[in-house]
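Q: Would you mind keeping the following structure in view while I ask a few things?
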Amino acid sequence: SGLAVTNCVPAVPSFLPLAIPGMEGPPDPAERVDAICASIRRLATYEPECVLCLAGPLGARAETDWRHIVVEGLRRATVTAREAGVTLAFEPVHRSQREAASFVTSILDAVTLLDEAGLGDVGLLLDLYHVWDDPAVWDFVGRASYRIAGVHVADWPAEEGRTDRVLPGEGTSHTKALVQALALSGWDGYLDVEIFSEPDRFWSLPVEEAARQAHAAVAAVAR
């Protein structure tokens, strides 16, 4: 078919438990690291562009209580990724999702934590839905695109109060301009459409129609 595998998400994607219904996973950080490493080894078979991971939210604990756990988890996952021949990517999330998905909420936060862990060969998963309004995104794309291991594309919906995502080019974020900046910087990887939706919106589409619309939308912003 000529299809390739892009950015793979482990069954347990974060070092600390997510606060997203249905995605919480095991509470023990050691068990979570084991699961992430197992997913890396399994997904390596498909030769993905990268396997991504998140820090996870702090919950009731202070950042100082959990930060070292994430650092050590990243180090272990990196060893596994090197052995498996897979690129590991670390993903920052939007500040509005700090309590649900990750306490690492900016590009600078993510790079600082990777530097703290001594992991210069771990890339960033740049989700344009999460980083489009990050003050550092334009400089990072222009000057440090070599650290980008994968790119997710989706837009913020124009309608206030919505928490789902819309196809690239259909919302209020600067997806087209950021994709153009990535191209100018020399980054030539895949653009991976990642839509978190609702049963009566994008997720209601038959998979063939969803794929067609996603391909058309990302092709339009990449022109």
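Q: Please report the carbon-and-sulfur percent of the accessible area for the chain; probe 1.4 Å, protein heavy atoms only, DNA, RNA and ligands left out.
A: The C+S portion of the solvent-accessible surface of the chain is 54 percent.
Q: Please report, in cubic angstrom per residue, the volume enclosed by the convex hull of the alpha-carbon atoms of the chain.
A: 130
Q: Let's test the formula: R0 of 22 Å, r as the Cβ-Cβ distance of Glu198 and Arg98. What FRET efficiency results, to the nearest 0.05?
A: For R0 = 22 Å, the calculated efficiency reads 0.50.
Q: Oh, and also: Measure off 7 Å from each Cα along the Cα-to-Cβ vector at Ser185 and Leu108, then give the distance between these two points in nanometres to one decimal.
A: Spacing of the two 7 Å Cα→Cβ label points: 1.6 nm.
Q: Would you mind pulling out the separation of the Cα centroids of the range 85-159 and the range 168-186, in Å?
A: For the range 85-159 versus the range 168-186, the Cα centre distance is 15 Å.
Q: Between Glu24 and Glu72, what is the label-to-label distance in nm when each label sits 7 Å out along the Cα-to-Cβ direction?
A: It is 2.4 nm.
Q: For the range 120-223, with every protein chain kept in place, what is the accessible area per residue (1.4 Å probe, Å²)?
A: 51
Q: Another question about this same structure. With a probe of 1.4 Å, find how much accessible area the range 1-94 has per residue, and write the answer as a whole number in Å².
A: For the range 1-94, the solvent-accessible area averages 48 Å² per residue.
Q: Starting from the Cα of Glu159, step 7 Å along the direction of its Cβ; do the same at Arg223; then give the gap between the two resulting points in nm.
A: 2.6
The values are calculated or read from the model by the stated rules, or taken from the named source; none is laboratory data. Everything numeric in this text was worked out from a predicted model, so none of it was measured. Because the Cβ atoms are built from the backbone with ideal geometry, glycine has one as well, and the counts that use them run over all protein chains shown. Protein only, heavy atoms only, side chains kept; ligands, DNA and RNA dropped before computing areas. Shrake-Rupley method; radii C 1.70, N 1.55, O 1.52, S 1.80 Å.
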